[in-house]
Amino acid sequence: MKRLQQLALCGLLGSLPASTAFDVNSLDAAILQDMLESYTEHTASTCTGAAGTTTFTFDYPGLNAASEWYPAYETFEEDLFLAAMSHTDAGNRSWTIRLGQAGNIYSHFCPDMHGETMPPQAHTDAPFIDEVHQSVSVNGYLNFGVGRCNGQDCPANYVHGAGTYQRDAPYTDVPFYSQSLAKHCAGDSCTFASWGSQAHVATIFTSSVMTFNKYTNCGNGIIEHTEMVHNFAPENAVAPELTDQTYFNLPWSGVRRSNLPFALEPNKDTGELSYDDPDTVDYCPLCPWGNDEVGGPQDMGGGRCSRVDLRYLRGYTTFVEPGLFVNRETQDQQYLWCRKPGADGDCSASPSTCMATPTACYNEDGTVKPGYTPIQLRVAADSTPSCTSHIGIFEGYQTVKCKIRDLGFGNSRTYLYAGTSADTCAPWLEGGSMGIYREDTGAGITIPYVRHWSWSEKNELMYFSVYTQDQTEAINLVNSVFDNRGNASPLPLRFETFPPGETFPGPDYNPGALGAVTFVYGDGNDYDIVPGNGRRRMGSSNRDFTVFTMNWWQNGAKLTPGDTFSKRAFVFASELSAAKTTADALVPKVIPDKIDDTRWNPRAVDIYKSGMSFDAVAATSVQGTSTTCTSTIATLECSGFSTPKAGHVPFFYITCGASSYLGPDPYHYTPGNGDWFTFPGLSNDNDKKIRSYACAGEVESVRPTWKLIGWFNASTCSLGSGLSFDDNICDVPTPTTNSPVTAAPTSPPTAQPSKNPTPVPTGQPVTAAPTSPPTGQPVTSAPTSPPT
């Protein structure tokens with residue numbers, strides 16, 4: 001039976017230097033291997049083919065300038081950084097991923113393709129906290145629960161894998177990233193454990209969520225990502241609704257829109273992925289976040305591209321770099337104003353009020369609402385546009401008024417600039433171009449500005465600018481391109497918009513060569529073996545960020561104390577031409593799994609004490625039942641396990657300044673612990689906050705550290721405060737692993753990426769919660785007087 005789901009990401013870190021000696025932490029290696037592999041019905045990875053191409057480091061390699069992070073947040077990266085992992089490819093599919101303290105991906109860099117995949121972090125109060133690749137867990141009962149928190153309404157309850165927002169000054173003036181509990185890299189894989197943080201601080205909630213992430217280099221640009229969420233709350237400690245996790249983003253992720261502006265999904269009936277012909281591209285509209293409902297503007301038929309169950313999809317979504325042509329002719333038409341119903345048929349009675357804006361006269365699918373009449377662009381039979389100058393030069397270019405529309409349309413009071421897209425579901429058009437083109441030959445002109453589509457019902461004039469400062473040249477250009485003399489019929493024209501740097505495909509157009517990043521999440525049938533459903537969601541924001549997330553939700557999607565959800569999926573970078581073949585081969589390997597605490601097959605973990613120091617030792621083999629400590633003075637104090645087990649809870653070694661603690665309470669040093677809250681649970685006063693990132697009795701800048709020791713019986717193992725962790729007390733062999741140990745580099749990478757990503761937009765950052773990014777609309781201005 002398949003269980004566990006894999007996520008393969010392509011990334012590129014540049015090249016990391018060759019490896020030498022590497023210090024293996026045997027306890028971390030044992031815990032992480034057993035959590036990811038040692039349980040009943042675990043399905044082994046089929047990831048192969050990366051031998052000799054993987055390098056990694058725990059030493060900060062310095063800022064990658066080509067990632068172009070938001071400048072105000074660049075200085076935070078060194079504190080954020082935990083590890084980097086890189087694949088050196090014989091072709092152009094090299095990648096590097098950088099992992100934050102939580103073991104989550106915050107940078108996915110492909111130097112020979114699009115550059116940086118992850119957003120630039122221009123998000124107020126959220127540097128590398130929100131717009132990263134991470135897990136999010138929600139307690140649906142407490143999240144904004146009405147009257148459920150001390151008789152009052154509850155605040156937000158989102159546990160971020162990455163960390164907390166900077167909304168609790170002065171405690172979070174320096175970002176607090178979810179802390180590493182364990183880390184280990186060997187062979188072609190790196191694995192991490194961390195403690196998830198309540199993101200919306202200051203909070204009244206505790207967190208009982210532990211996350212695990214394993215990244216394996218499969219070669220050929222593919223990363224397998226095994227993602228786990230574990231609820232480590234003690235069983236029956238409090239009412240279950242206070243600890244159960246009931247809604248999940250696995251992962252919450254996204255891409256940098258300026259580098260990967262297009263989203264494609266295969267035809268759900270045929271499985272084909274079309275991209276060669278601009279008229280038949282299997283693209284997805286990317287509407288402002290929250291507008292992805294079935295039947296809405298993002299639905300491309302049968303639920304494709306909307307928020308539907310994975311069973312209605314084909315298992316993957318591909319994001320493509322600039323250069324793809326997508327014909328949204330119906331949407332381009334929606335830039336033109338319409339005559340209102342009952343406007344005398346020709347606007348003659350009320351030319352100043354007879355016109356309707358595009359928002360009012362078109363349906364979401366681009367069709368015209370009943371009774372509305374769009375402006376029709378055309379040149380009359382046997383005529384030219386007969387252009388004349390309008391107001392001379394406006395914002396650098398000549399303005400003209402030309403006879404290129406039907407009679408009977410009144411004041412359309414709008415200015416439209418090139419690159420200011422009115423098509424809110426095509427963010428790839430922002431910063432692009434627009435133009436007017438002949439329907440018969442396709443010849444036309446690009447224009448920087450539309451002043452008015454129409455103004456008087458008595459003439460055929462449209463008012464716009466041409467890319468020249470010479471008046472005669474502007475007039476002659478339009479008249480010549482749209483010359484319709486000698487033709488007995490009107491010449492139909494069309495308005496079109498284009499992404500930045502593009503107009504029409506040229507003779508060498510080869511979209512298959514474009515770079516792409518593909519998320520492989522499975523066809524949903526694997527969720528038959530677990531409760532709950534799988535769902536894919538995506539949408540745009542008003543930052544350089546396209547949201548992409550997978551949900552585990554509904555119908556029993558719940559983690560009670562002791563439960564774990566695991567997901568193995570894939571993300572890879574490739575040429576667009578290889579996306580379908582590669583993804584189709586990976587879709588069957590996607591596996592979700594829900595693991596209760598009876599399925600684990602742990603090894604022994606023992607705590608030895610010597611004076612006021614202790615060491616934790618794991619058995620050297622999988623499911624090993626005994627440990628070895630060569631110290632002649634250390635005594636065995638407690639025996640536990642490397643994975644969850646009924647009647648056992650995780651023990652943490654915590655430091656706060658000069659103080660230290662070993663035990664089951666991750667909030668041991670948190671101000672208010674034992675006063676207005678205990679773990680697990682929530683504050684008994686909504687005005688009294690829980691700050692896991694603070695140390696009682698210390699200044700705000702002093703923060704705790706945590707290390708996972710194993711799972712122990714808290715009623716029989718009580719060590720408490722004052723002990724110091726010393727992993728040199730017991731001299732133990734390296735534990736058995738599935739891969740040979742790979743050495744770490746001794747110096748940071750020196751190679752520079754070979755291709756810079758597209759520049760980051762210059763807009764100001766906007767604050768948003770991870771489940772509802774902002775949905776800014778384009779702005780238009782009305783003229784204050786008739787044209788002169």
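The values are calculated or read from the model by the stated rules, or taken from the named source; none is laboratory data. Keep in mind it's a predicted model, so treat the numbers as computed, not measured. Cβ coordinates were reconstructed from backbone atoms using ideal geometry, including for glycine residues, and neighbour counts include every protein chain displayed. Protein only, heavy atoms only, side chains kept; ligands, DNA and RNA dropped before computing areas. Shrake-Rupley method; radii C 1.70, N 1.55, O 1.52, S 1.80 Å.
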Worksheet item: Can we say GLU272 is over 23 Å from the mean Cα position of the chain (by Cα), touching a residue at least 60 places away in the same chain (Cβ under 8 Å), farther than 15 Å from PHE319 by Cα and in a loop (DSSP other than H, G, I, E, B)?
Response: yes
Fill in: Checklist (1) surrounded by fewer than 24 Cβ atoms within 10 Å (Cβ to Cβ); (2) among the hydroxyl-bearing types (Ser, Thr, Tyr); (3) closer than 30 Å to ALA72 by Cα; (4) at pLDDT 95 or above applied to TYR141, failing item
(3)
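A quick yes/no check of all residues on (1) buried (at least 21 other Cβ atoms within 10 Å of the Cβ); (2) at pLDDT below 95; (3) within 24 Å of LEU586 (Cα to Cα); (4) not polar (S, T, N, Q):
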| residue | (1), (2), (3), (4) |
| --- | --- |
| LEU4 | yes, yes, yes, yes |
| LEU12 | yes, yes, yes, yes |
| PHE22 | no, yes, no, yes |
| GLY52 | no, yes, yes, yes |
| THR57 | yes, no, no, no |
| TYR60 | no, no, no, yes |
| ASN64 | yes, no, no, no |
| SER86 | yes, no, yes, no |
Worksheet item: Among (1) crowded, with 24+ Cβ neighbours inside 10 Å; (2) assigned to a strand (DSSP E or B); (3) in contact with a Gly (Cβ under 7 Å, 6 or more places away or on another chain), which single condition is GLU496 missing?
Response: (1)
Response to the item:
For the range 190-222, the count of residues that are in contact with a Lys or Arg (Cβ under 6 Å, 6 or more places away or on another chain) and open to solvent by less than 20 Å² (accessible area, probe 1.4 Å) equals 4
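Need at least 1 residues that are closer than 25 Å to VAL255 by Cα per element, so show me which strands (runs of 3 or more DSSP E) inside the range 290-405 make the cut, counting only ones lying wholly within it.
In the range 290-405, the matching strands (runs of 3 or more DSSP E) lie at 316-320.
Would you confirm whether or not the range 350-358 contains a residue that is free of Cβ contacts under 8 Å to residues at least 12 places away in the same chain and open to solvent by 60 Å² or more (accessible area, probe 1.4 Å)?
Looking only at the range 350-358, we keep the residues that are free of Cβ contacts under 8 Å to residues at least 12 places away in the same chain, and these are none.
Scanning the range 350-358, I find no residue that is free of Cβ contacts under 8 Å to residues at least 12 places away in the same chain and open to solvent by 60 Å² or more (accessible area, probe 1.4 Å), so the answer is no.
Determine whether GLY408 is buried (at least 18 other Cβ atoms within 10 Å of the Cβ) and either charged (D, E, K, R) or in a loop (DSSP other than H, G, I, E, B) (or both). First the steps, then the outcome.
Values: buried (at least 18 other Cβ atoms within 10 Å of the Cβ): yes; either charged (D, E, K, R) or in a loop (DSSP other than H, G, I, E, B) (or both): yes.
The answer is yes for GLY408.
In the set THR620, THR625, which member is of a type in the set (Val, Ile, Thr), open to solvent by 30 Å² or more (accessible area, probe 1.4 Å), closer than 21 Å to SER26 by Cβ and in contact (Cβ under 8 Å) with a residue 24 or more places away in the chain?
Working: THR625 fails: in contact (Cβ under 8 Å) with a residue 24 or more places away in the chain.
Exactly one residue qualifies, and that residue is THR620.
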Discussion item. I'm told ALA90 meets every condition in (1) of a type outside the set (Val, Ile, Thr); (2) assigned to a strand (DSSP E or B); (3) free of Cβ contacts under 8 Å to residues at least 60 places away in the same chain; (4) more than 27 Å from ILE591 (Cβ to Cβ) except one. Can you identify the failing condition by its number?
Written reply: (2)
Worksheet, complete the sentence: Within the range 504-520, restricting to residues that are surrounded by fewer than 17 Cβ atoms within 10 Å (Cβ to Cβ) and part of a loop (DSSP other than H, G, I, E, B), the one that is modelled with the highest pLDDT is ASN510
Worksheet item: Any idea how many residues of the range 282-307 are surrounded by 21 or more Cβ atoms within 10 Å (Cβ to Cβ) and aliphatic (A, V, I, L, M)?
Response: 1
Worksheet entry | Residues that are within 18 Å of PRO499 (Cβ to Cβ), among the small types (Gly, Ala, Ser) and open to solvent by 30 Å² or more (accessible area, probe 1.4 Å), drawn from the range 426-443 | GLY431
Worksheet entry | Selection count, the range 239-259, where residues are part of a loop (DSSP other than H, G, I, E, B) and of a type in the set (A, V, I, L, M) | 1
Practice prompt. Output yes when any residue across the range 260-269 is in contact (Cβ under 8 Å) with a residue 40 or more places away in the chain, of a type in the set (Gly, Ala, Ser) and in a loop (DSSP other than H, G, I, E, B), and no when none is.
Written response: no
Fill in: Count - residues of the range 156-178 that are free of Cβ contacts under 8 Å to residues at least 60 places away in the same chain, closer than 21 Å to TRP195 by Cβ and either of a type in the set (Asp, Glu) or surrounded by fewer than 19 Cβ atoms within 10 Å (Cβ to Cβ) (or both)
1
Worksheet entry | Whichever residue in the range 311-327 is under 18 Å from the mean Cα position of the chain (by Cα) and open to solvent by less than 20 Å² (accessible area, probe 1.4 Å) and, among such residues, is nearest to PRO507 (Cα to Cα) | VAL320
Fill in: Residues of the range 564-580 classified as under 21 Å from HIS42 (Cα atoms) and touching a Pro at 6+ places or on another chain (Cβ under 9 Å), total
6
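Okay, residues lined up against (1) open to solvent by 50 Å² or more (accessible area, probe 1.4 Å); (2) under 33 Å from the mean Cα position of the chain (by Cα); (3) of a type outside the set (Ser, Thr, Tyr):
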{"site": "LYS645", "(1), (2), (3)": "yes, no, yes"}
{"site": "VAL649", "(1), (2), (3)": "no, yes, yes"}
{"site": "GLY663", "(1), (2), (3)": "no, no, yes"}
{"site": "TYR669", "(1), (2), (3)": "no, no, no"}
{"site": "GLY674", "(1), (2), (3)": "yes, no, yes"}
{"site": "PHE677", "(1), (2), (3)": "no, no, yes"}
{"site": "GLY681", "(1), (2), (3)": "no, yes, yes"}
{"site": "LYS689", "(1), (2), (3)": "yes, yes, yes"}
{"site": "CYS695", "(1), (2), (3)": "no, yes, yes"}
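Looking at the structure I just gave you, is GLY435 under 22 Å from ASN484 (Cα atoms) and under 34 Å from the mean Cα position of the chain (by Cα)?
Working: under 22 Å from ASN484 (Cα atoms): yes; under 34 Å from the mean Cα position of the chain (by Cα): yes.
Yes; evaluated as a whole, the condition is true for this residue.
If we keep just the residues of the range 372-393 that are hydrophobic (A, V, I, L, M, F, W, C) and open to solvent by less than 50 Å² (accessible area, probe 1.4 Å), which is modelled with the lowest pLDDT?
From the range 372-393, those hydrophobic (A, V, I, L, M, F, W, C) are 375, 377, 379-381, 387, 391, 393; that's our starting set.
After this cut, where a residue has to be open to solvent by less than 50 Å² (accessible area, probe 1.4 Å) as well, the list is 375, 377, 379-381, 387.
On the way: ILE375: 93, LEU377: 96, VAL379: 97, ALA380: 97, ALA381: 96, CYS387: 97.
Only one residue tops the list, namely ILE375.
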